Amino acid sequence: MYNTFRNKKYAEDHPTENTQIWLCTKERCKGWMRDNFAFENKPVCCLCSSPMVSDVRMLPLLVNSNDDLKTIKKDR
Ligand SMILES: [Zn+2]
């Protein structure tokens with residue numbers, strides 16, 4: 001009961017959305033990053049330098065930072 005309540009409360013405080021991310025292609029590597037920076041080229045994993053593939057995950061919604069970064073990039 002308590003856990004259910006806590007999870008619900010957390011979900012309300014931290015809404016999630018389908019977020020574009022980059023996922024490391026190397027097996028067992030946990031490297032991934034949000035597609036916050038609108039890469040012009042495919043990024044490489046910051047942990048093992050393997051190529052990364054585009055994917056979508058449900059992640060807590062980031063207020064401001066995500067949109068701000070993309071807006072800044074687009075204007076240039
Ligand atoms: Zn990796």
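Derivation of every value follows stated rules applied to the coordinates shown; laboratory data play no part. Everything numeric here is computed off the predicted structure, so don't read it as measured data. Neighbour counts run over all protein chains shown; Cβ positions are idealised from the backbone, glycine included.
Around CYS24, with a cut-off of 12 angstrom between Cβ atoms, what is the net charge of the other residues, counting Lys and Arg +1 and Asp and Glu -1?
+2
Cut-off is 10 Å between beta-carbons; in what order do ASP13, ASP35 appear when sorted fewest neighbours first?
By the 10 Å Cβ count, ascending, the order reads ASP13, ASP35.
Taking amide H atoms as placed 1.01 Å from N in the peptide plane, list the residues 5 or more away in sequence, or in a different chain, whose amide H sits under 5 Å from that of SER50.
Those lying under 5 Å, H to H, from SER50 are CYS45.
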